[in-house]
Each structure stands twice: as structure tokens, then as C-alpha cells.
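The values are calculated or read from the model by the stated rules, or taken from the named source; none is laboratory data. Just so we're clear, the structure is a prediction, and the values are computed from it rather than from any experiment. Glycine gets a Cβ as well: all are built from the backbone with ideal geometry, and neighbour counts include every protein chain shown.
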Amino acid sequence: MGEMSKPRDTFVLGRGEYDNKGEKVKPGVPSFLPPMSRDLPPNRLGLAKWIVDPLNPLTARVVVNQYWQQYFGTGIVKTAEDFGSQGEPPSHPELLDWLATEFVRSGWDIKAMQRLIVTSATYRQSSRASRELIERDPENRLLARGPRFRLPAEMVRDNALAISGLLNDRIGGPSVYPYQPKGLWEEMAFGEGYSGQSYTQSPKPDLYRRGMYTVWKRTVPPPSLTILDAPDREKCTARRAVTNTPLQALVLLNDPTYVEASRALADRTLRNGGRSDHARIDFAFKLATARTPDPQERAVLLGSLREFRSLYRHDQANASKLLSVGETKADSRLAPRELAAWTTLASMILNLDETITKE
């Protein structure tokens, strides 16, 4: 990483051809941005110092806009990938400027910026809104209500594991290999000279590590994350798309990660949720949504539980098959049919829109 004692000559290459040299160029920054100080060396160190120079407003604005986007779903500048003349102007330019200057003033204190945003009156508003307000401002650009949007793909998985009690929240370490359909890597392998020829699933407890530690093969990204709109990492992505498709519902209902999380939540509910169905439903629902169900919701869940009990009472084989999903074994002290009924109910709760939505 050291600089050359005598920098090599650099030229503009015609059509990018290495032997078609044009004008000779020297180190510098774009002319439409603040110039580099004469005190800064014209090398990578000087460029790094210029990037975080308080007189350069772009870096701080881009960073705080990304933080705002993470909390509100949409940045103050909606086109987070383009702050130029082709991008969208900020919805609240004074707010963007103030956040950027506060970020620099605090010494680029990232934690302080997160605290500033999440303790603001704007963020702490309710996400409930009237039909008229939603029709007037569907993307909440006016910030007249709190944010509400689906969790990112990795967090959908982490959320289910955390609710169930399976999440391994250890920090750091190598990548892990969670559940994945067999044969995907082998299908995309091209001869012995390539790495990643086969996929070997991680053992417990690595199997339940957070999504950020999931191994990523560029040509075969994790399928359950891809379906939930995780970028493919072929290119830099400043904004994620958010969709809602039947395939996503199928993943959340049938992927081994979520089936196993449902059974673990059922196990947790039966052991710690109280003695009555009423209390247990309230316990599981509150773990998933941070509130207790209203009377109508509770009635639906109680009715569903009765149906599931009736179903598994006459279908021992399917109850056993359901409880066998995943590496964590079902608690042998719990009645299998009862646990299967609660597992199916827990899957309903984990698949609620409210459970996978930040609001």
C-alpha cells in the first residue's frame, strides 16, 4: 500500500485501450467539488483526508442519508445512489444539512447519530395514518407519520430466530452455512479448478447465527435471502427493492429455518407461556409483535388452535414429520400432537405482516 517513490505516468486511454494513450493526467478531485488543500499530499492518503474534510459536504450528507434510509425506508434524498444532478432533490434540505454538520461536529460519531435519529420526535411518531394522508403521501416523504416497511431479508430471518429463542448472537468469526436446498452449488460448479464445489451445512449453533454471517457465493446467492430481495452482490446497491410475492410467503411457511423456528416458539410457549391457551397465545403473540392480541385476533387464533388439534389428533404421521424438521430436536417431554398444533399456530404468528414489518 506504500506510494511509489516516483509515480508512474498516467494517461487517458482512448476507448479504454491500454496502448491508445491520450492526455497525461495528474492526481486530483472532480472540479465541481471543493478542491484539495495544498497541504494534502496528492496521493491516496491525501484523498482519504479530503473525503472527510469538514469543508467537503458530500461525504457526511451521503452517510447520514444512508442512516435515515435504514430507519425510514426512504432517504431524505430518495435516490441514495445518486446525489448528482440526475438524482432526486432532498425532501428536507435543511434537515439533511443539519444532520451532516452534526455528524462532522460530533467527530463522525456513528452511535451518536443513531441515537439522535431514533430519539427524535419524527421517528417516534406512530406509523398509523388516515386513508387521506396515505393517499396524499404514500411514501411518507412529508414525515407526517412513523416509518413502516418490511424488514430486510437478513433481518426477517434473524427476527424469526430471535422470537423462537434459537438465535446465536455471537459477534465475529467465519461465515456459516445455514439451510439451503441440496444441489444448488453442485449445479453451478464448472470443473475441478473452481472453489465452492459443494455446500456443507453448518452444525449447531452456527446454524442459527445472524444473516450477516451467511456465506455468499456470487454465482449462487442464498435462495431464501434472494427471494426476499437481498441484492445479488454482482454490483454495489445503495437502495434495496422491496416486493411482496407468493414465493416469499412460501419461503416463510416452508423453509426449514422458519418451520424449525415455529416449533421452537411453540416449545417456548408451552414451557413458559402459562397454563391456559389464552395466556399462551398472548405470550407467543407478544414475543412476535411486542403487543397482546385484541379480542378479535385472539378469537381467530384460539379457533385456529382448535382446528390444528383436531387435524393432528387424527394424523400422527404428519405431526411427527412436522416435528422432525431442523437440527434441534423436539422436546420429548411435550405431547407430539399438542406440540405440532402449537407449531402450526406459531407459524401463523411468525407469518403475520406485523411480525416481518418494522413499524
note = By my count, helices (runs of 4 or more DSSP H) wholly in region 284-359 with at least 1 residues that are touching a Pro at 6+ places or on another chain (Cβ under 8 Å), over 13 Å from D267 (Cβ atoms) and free of Cβ contacts under 8 Å to residues at least 60 places away in the same chain are 295-313, 316-323
request  = Would you mind finding the one in G46, G22 that is touching a strand residue (DSSP E or B) at 6+ places or on another chain (Cβ under 6 Å), at pLDDT 90 or above and not assigned by TED's automatic domain parsing to the domain that holds S91?
outcome  = G22
ask   = If you go through region 87-116, how many residues are closer than 17 Å to L142 by Cβ and of a type in the set (A, V, I, L, M, F, W, C)?
value = 2
message = If a residue counts only when it is among the basic types (K, R), under 22 Å from the mean Cα position of the chain (by Cα) and within 29 Å of A230 (Cβ to Cβ), which helices (runs of 4 or more DSSP H) contained entirely in region 59-155 have at least 1 such residues?
response = 110-118
task = Could you please give the count of residues in region 23-47 that are among the small types (G, A, S) and surrounded by 11 or more Cβ atoms within 10 Å (Cβ to Cβ)?
result = 2
ask   = What tally of residues in region 252-283 results from selecting those that are part of a helix (DSSP H, G or I), more than 30 Å from G211 (Cα to Cα) and not hydrophobic (A, V, I, L, M, F, W, C)?
value = 2
ask   = Pick from region 30-56 the residues that are assigned to a helix (DSSP H, G or I) and more than 28 Å from the chain's Cα centre (by Cα): which of them is nearest to P7 (Cα to Cα)?
value = R44
